[in-house]
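Derivation of every value follows stated rules applied to the coordinates shown; laboratory data play no part. Remember, it's a predicted structure, so these values are computed and weren't measured experimentally. All Cβ positions, glycine included, derive from the backbone under ideal geometry; neighbour counts span all protein chains shown.
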Amino acid sequence: MALLDIIKAPDPRLKKISRPVEKVDAEIAQLMDDMLETMYLAPGVGLSAPQVGILKRVIVVDVSKDEDNRLPVRMANPEIVWASDEMFEYEEGCLSLPEHYAEISRPEKVRIRYLDRQNEIREMETEGLLAVCLQHEMDHLDGILFVDHISKLKRDTILRKLAKLKKLEEKERRKSGSRQKAAASA
Ligand code: GNR
Ligand code: NI
């Protein structure tokens with residue numbers, strides 16, 4: 001098992017279209033497990049491979065509330081094969097857009113075709129928070145973030161704040177880096 005680094009916006013990798021996996025082999029199965037471990041620690045209820053810098057169509061989700069009874073979902077090449085006309089609004093967040101939230105409207109129910117951890121083709125019909133999260137993760141595979149579903153004004157405000165934060169964090173990293181160098185040479 002291994003923990004992965006979660007990329008934060010703005011980052012060009014979050015805007016790319018991810019490639020389908022040819023087959024869920026041992027390497028992809030391991031990636032799914034590592035993504036779940038990373039997601040549980042974050043903590044989050046979903047994670048996509050591009051968020052950890054791997055541009056492959058792989059997602060994981062777990063919306064269970066009980067830590068002792070987890071319900072991990074692992075999918076490769078997920079596709080929506082049916083969506084309800086009824087829509088559902090939910091306040092979404094994203095590990096790549098920390099501390100920002102917005103009400104997003106999506107189909108209430110979706111039927112998804114995907115490859116499971118054993119490389120078997122499966123379909124799953126979902127609704128509620130699970131359907132919200134799966135659609136949010138599938139968006140990531142096409143370079144779409146939840147802010148792409150809101151007004152340009154709100155989106156730009158959030159992205160500007162995140163860009164500022166990133167610059168500050170880089171500055172802090174440089175400072176502590178030079179402090180450590182000074183201490184090491186003293
Ligand atoms: O942890 C997460 N919470 C969440 C809440 C509402 C709607 C979607 C999500 S997914 C998010 C984790 C994440 O960023 N996945 O890409
Ligand atoms: Ni997200």
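A few points about this structure:
- Options 71, 55, 14, 41; residue that is surrounded by 20 or more Cβ atoms within 10 Å (Cβ to Cβ) and not polar (S, T, N, Q): 14
- Exactly one residue among 112, 104, 121 is buried (at least 19 other Cβ atoms within 10 Å of the Cβ) and away from ligand 2 (no atom under 16 Å from the Cβ), and that residue is 112.
- Positions within region 124-139 being part of a strand (DSSP E or B) and either within 15 Å of residue 60 (Cβ to Cβ) or within 16 Å of ligand 2 (Cβ to nearest atom) (or both), in sequence order: 124, 126
- Cross-chain or 6+ apart pairs with Cβ under 7 Å, region 126-154 first and free of Cβ contacts under 8 Å to residues at least 40 places away in the same chain, then within 12 Å of ligand 1 (Cβ to nearest atom) and not in a loop (DSSP other than H, G, I, E, B): 126/134
- Of all the criteria given as (1) within 16 Å of ligand 1 (Cβ to nearest atom); (2) under 20 Å from the mean Cα position of the chain (by Cα), the one not satisfied by residue 87 is (2).
- All positions within region 14-26 that are under 16 Å from residue 59 (Cβ atoms) and not basic (Lys, Arg): 14, 17, 18, 20, 21, 24
- For residue 157: the one exception among (1) within 18 Å of the chain's Cα centre (by Cα); (2) surrounded by 13 or more Cβ atoms within 10 Å (Cβ to Cβ): (1)
- Residues of region 140-155 that turn out to be within 12 Å of ligand 1 (Cβ to nearest atom) and either part of a loop (DSSP other than H, G, I, E, B) or touching a His at 6+ places or on another chain (Cβ under 8 Å) (or both), as a count: 4
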